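To start, the structure itself, in structure tokens.
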Amino acid sequence: MKRVIRRVCLFFISFVATLVFIVASATVVLGFFISGSDLIFPNVSVEGINLSGMTIIEANNRLVSLGYENNADSVSVTVNFPDGSSFSISGNDAGLSLCAEEAVLAAFQRSRDASFFGRINMYVTSLWVQTDINGVPVLDEEFVRGEVAVHTELFNTSLVKNASYSLNEDSITIIPGSVYAPADETSVFNLVTQTFYTALEEGTHLVVNYMPALTDPIIFDLNELYYIVHTEPVSAAWDSKTFAATECKPGVSFDMDIAMNQLANARMGEQIVIPLIFSNPEVTTEYLQEMLFRDELAARTTNVAGTAARLSNVKLAASFIDGLVLNPGDTFSFNETVPRRTAEIGFLMAGGFRDGELVDMVGGGICQVASTLYDNVLHSYLEVAQRRAHTLPITYLPLGHDASIYYGVLDLRFRNNTNYPIRIEIEFDGRNMTSRLIGTRTNNYVIRIESSSTAVPFETTYRENENIPYGQTEVFFTGRNGFIANTHRVISDAEGNQISRTHISRDVYRAQNRIVLIPPAGAQPAPAEETQ
């Protein structure tokens, strides 16, 4: 029995050894077969195209014939930048395709780089396991890099590193400044190529967003901009040098809340347009120009009596004043306007008051110009700075309306206390002189000058005269009463309702005593004539 068992064991061992030898031999033979074979493994395909058992040439021809290299026609990539700009590249323009030759080589080389026994294992596995090889895309890298470079540069150029603004006629354009760093060309290129590969796999058009790195946001200072832009309206004013109205200017500002809201919601690269708000000045140039010298504030006509020399003096003095413009705040001075009265400039000898008497003097009579002008002042309630009445009553104006002038001593001064310029006009019609103040009336008030006077009786004085016979008298001057005159200005509205009554002056005009000539003291009566 033992011998039988030994023989069975030897047989089994011999069988197993033979079987192992056969399998090993077959494996070695298969390995050498695989290594020397130029055929693609079984159940191997590329993009679903079965290439099993084909040579490289046969497989390449099969892929090409089935349009394997033409599947980029419907493929494209669009890249969006954060400023809203974008660019697109089609698969054909990019030279995108699947290379049949490289795909076949990939299929052929599958597992051939493994070890001897690894190749045998892979081959055996491929007999019942399906393997699909992804195609290797080809891209015209130079073209794609060129497109990427152009559009990346355009994006980087559009980036506003610093916030800025421009002031337009009716708005402000603000460019807030970028919060993005410049785009990286290499990163954009890699994004394009990766997206192309994905689009090729899906056979479609893909859109991808490129986002550069963020930087610290640049905050636009709207408060500073408001300080720069904001101006108050400027009203037109009287230009004392050009004698015309200045140009008015509107006020300018903008709504801060609206501007802040627009800035907060602005997209990158978006220009913000903020409308300007204009406010009109209180006084426009056109309005003021129409107002200037529009109204006759006061006028008075007086008759210039006396000699031709006196009339000449009055006309000469008036010529220095006629047409004079007083700007708001200016003070008129008669003695500064009319030069010192001398014969060299044309003044003549004529009657005038001096020390309470009527005497001939150079420039006599010019007080009538000052008095007529003062009457204008009374009726236009300008501010009187200096004025003195005559010592004796005059006849060409009511009491209290006159002004006495003596160079270096007595002057007529008044100030233009209105908001508009005033022009003095003096004209003659024969012996009638008319003085006017031309300016701008800002109300419809009526001015009335009231003068009341109290007589101061004259006295009689006696003056010895050797030509008066004993026992006789002669009236040399009949005498004239003096007066104390009080002048008031009464202002009423257009309906006659009194608004104010102001005391202007109290003037004292001296009386001129009655002069009676008498014989000298000790005069003797004339001797009686003898008769025969």
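Residues of segment 398-415 being surrounded by fewer than 19 Cβ atoms within 10 Å (Cβ to Cβ), of a type outside the set (D, E, K, R) and either in a loop (DSSP other than H, G, I, E, B) or within 47 Å of the chain's Cα centre (by Cα) (or both), which ones?
Pro398, Tyr407, Gly408, Val409, listed by residue number.
Out of the residues in segment 416-440 meeting the condition of being open to solvent by 40 Å² or more (accessible area, probe 1.4 Å) and of a type outside the set (S, T, N, Q), tell me which one is nearest to Ala305 (Cα to Cα).
This residue is Arg431.
Which count do you get for residues in segment 35-89 that are at pLDDT below 65, assigned to a loop (DSSP other than H, G, I, E, B) and touching a helix residue (DSSP H, G or I) at 6+ places or on another chain (Cβ under 8 Å)?
Qualifying residue count, segment 35-89: 2.
Look at segment 363-378 and say how many of its residues are open to solvent by less than 10 Å² (accessible area, probe 1.4 Å), assigned to a helix (DSSP H, G or I) and not hydroxyl-bearing (Ser, Thr, Tyr).
Final tally of qualifying residues: 8.
Tell me which residues, restricted to segment 232-273, are more than 20 Å from the chain's Cα centre (by Cα), small (Gly, Ala, Ser) and not in a loop (DSSP other than H, G, I, E, B).
Ala244, Ala245, Ala264
Where the second residue is open to solvent by 10 Å² or more (accessible area, probe 1.4 Å) and assigned to a helix (DSSP H, G or I) and the first is over 17 Å from Glu142 (Cα atoms) and touching a residue at least 60 places away in the same chain (Cβ under 8 Å) and lies in segment 186-200, which pairs have Cβ atoms under 8 Å and are six or more apart or on separate chains?
none
Among all residue pairs at least 6 apart or on different chains, which show Cβ distances below 6 Å where the first residue, located in segment 307-321, is under 14 Å from Ile426 (Cβ atoms) and the second is assigned to a helix (DSSP H, G or I) and open to solvent by 20 Å² or more (accessible area, probe 1.4 Å)?
That search, which allows pairs on different chains as well, returns Phe320/Thr337; Ile321/Thr337.
Looking only at residues in segment 198-211 that are at pLDDT 80 or above and touching a strand residue (DSSP E or B) at 6+ places or on another chain (Cβ under 7 Å), which one is least open to solvent (accessible area, probe 1.4 Å)?
Ala199
Restricting to segment 309-322, what's the tally of residues that are open to solvent by 50 Å² or more (accessible area, probe 1.4 Å) and touching a strand residue (DSSP E or B) at 6+ places or on another chain (Cβ under 9 Å)?
Selection size over segment 309-322: 3.
Here is a list: Thr285, Thr242, Thr301. Which entry is within 30 Å of Val446 (Cα to Cα), open to solvent by 50 Å² or more (accessible area, probe 1.4 Å) and among the β-branched types (Val, Ile, Thr)?
Thr301
The values are calculated or read from the model by the stated rules, or taken from the named source; none is laboratory data. Worth saying up front: this structure is predicted, and the values here are computed from it rather than measured. In this analysis, Cβ positions are derived from the backbone assuming ideal geometry, glycine residues included, and neighbour counts consider all displayed protein chains. Ligands, DNA and RNA are excluded from the accessible area calculation, which covers all protein heavy atoms including side chains. Shrake-Rupley method; radii C 1.70, N 1.55, O 1.52, S 1.80 Å.
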